[in-house]
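Scroll down for the structure; my scribbles are underneath it.
The values are calculated or read from the model by the stated rules, or taken from the named source; none is laboratory data. As the structure is a prediction and not an experimental result, all values here were calculated from the model. So basically every Cβ, Gly included, is an ideal-geometry build from the backbone, and we count neighbours across all protein chains shown. Heads up: the accessible areas ignore ligands, DNA and RNA and are worked out on the full protein's heavy atoms, side chains in. Shrake-Rupley method; radii C 1.70, N 1.55, O 1.52, S 1.80 Å.
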Amino acid sequence: MSQILANSLKVLMGLLLAILGLSVSLTLSAHGVDEATKQFLILNEGISILPFIYIGAKHMVTGYDHLLFLVGVIFFLFKGKDVLLYVSLFTLGHSITLLFGVLNNIEVNPYLIDAIIGFSIVYKGFDNLGGFKRVFGFQPNTKVAVMIFGLFHGFGLATKIQEFNLPQDGLVPNILAFNLGVEIGQFLVLGIVLILMSFWRRHSSYFQFSTATNTLLMSGGLMLVGFQLTGYFTS
């Protein structure tokens, strides 16, 4: 049985490493916006509710930096109400800055904001390891931290849209549709993650390897921070 669990852990770690690697490649490739989406956003005029819902959902499903942060957030949440509370705080945060940033044309350097998003993953992994109490002797308010990082994640989403200078005609309903799509994509992926984690939590290996898992999260976040800061200083 222990050998089976060890093999399962290797598969899980390999999958997480693959996700981290893909997230870096997507981040370096036009900040994760594929060519078909680029063409649609450049040529689109007027209200296009369904396409923007699809684009929002697609962006969240492939937005591994956002999803890795959420994995860290829910890693030690075992009650449904706690998961709902923290995910709602994150959702509220990124919805506010996504809408506020795009509708008020507030531009943020995409490399710096994505570096902060990468740092949010580092923060959450460090927090899950009890690093703040061990190193600094205090524990930050986790709810406030998730809300604040949600605000930064929202600006990250806004920068993706602002790159294409969308026309004002139909901008409000289109952005609202994009935000709805983001929430749909987040709900779908998070549901799958929770199902997989619920199976893993039935085994003692969940806690045995929690240190390795969260250390891996921190490493992935540091990779993203490094790549984004490199892009900032070389662009």
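For segment 158-182, the set of residues classified as at pLDDT below 90 and closer than 16 Å to TYR54 by Cα consists of LYS160, ILE161, listed by residue number.
Testing HIS66 on (1) open to solvent by 20 Å² or more (accessible area, probe 1.4 Å); (2) assigned to a helix (DSSP H, G or I), one condition comes back false. Which one is that? Only one criterion is unmet by HIS66, namely (1).
Each residue in segment 160-196 was checked for being surrounded by 12 or more Cβ atoms within 10 Å (Cβ to Cβ) and not hydrophobic (A, V, I, L, M, F, W, C), and 11 pass.
With respect to PHE126, determine if the residue is assigned to a helix (DSSP H, G or I), at pLDDT 90 or above and closer than 18 Å to PHE69 by Cβ. Answer is yes for this residue.
The rows are residues; the columns are (1) in contact with a helix residue (DSSP H, G or I) (Cβ under 7 Å, 6 or more places away or on another chain); (2) at pLDDT below 95; (3) aliphatic (A, V, I, L, M).
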| site | (1), (2), (3) |
| --- | --- |
| LEU85 | no, no, yes |
| THR97 | yes, no, no |
| VAL146 | yes, no, yes |
| GLY150 | yes, no, no |
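The sole residue among VAL225, VAL189, VAL135, VAL146 that is in contact with a Lys or Arg (Cβ under 9 Å, 6 or more places away or on another chain), of a type outside the set (Phe, Trp, Tyr) and part of a helix (DSSP H, G or I) is VAL146.
Does at least one position in segment 179-189 carry a residue that is touching a Pro at 6+ places or on another chain (Cβ under 8 Å), under 21 Å from LEU99 (Cβ atoms) and touching a residue at least 40 places away in the same chain (Cβ under 8 Å)? The answer is no, given that none of the residues of segment 179-189 is touching a Pro at 6+ places or on another chain (Cβ under 8 Å), under 21 Å from LEU99 (Cβ atoms) and touching a residue at least 40 places away in the same chain (Cβ under 8 Å). Within segment 78-123, restricting attention to residues that are over 23 Å from THR234 (Cα atoms), of a type in the set (D, E, K, R) and assigned to a helix (DSSP H, G or I), the residue that is most open to solvent (accessible area, probe 1.4 Å) is LYS81.
Would you confirm whether any residue within segment 197-210 is aliphatic (A, V, I, L, M) and either loosely packed, with under 15 Cβ neighbours inside 10 Å or modelled with pLDDT of 95 or more (or both)?
There is no residue in segment 197-210 that is aliphatic (A, V, I, L, M) and either loosely packed, with under 15 Cβ neighbours inside 10 Å or modelled with pLDDT of 95 or more (or both).
Answer with yes or no whether PHE155 is of a type in the set (A, V, I, L, M, F, W, C), part of a loop (DSSP other than H, G, I, E, B) and either touching a Gly at 6+ places or on another chain (Cβ under 6 Å) or in contact (Cβ under 8 Å) with a residue 40 or more places away in the chain (or both). Considered against the rule, which asks whether it is of a type in the set (A, V, I, L, M, F, W, C), part of a loop (DSSP other than H, G, I, E, B) and either touching a Gly at 6+ places or on another chain (Cβ under 6 Å) or in contact (Cβ under 8 Å) with a residue 40 or more places away in the chain (or both), PHE155 comes out as no.
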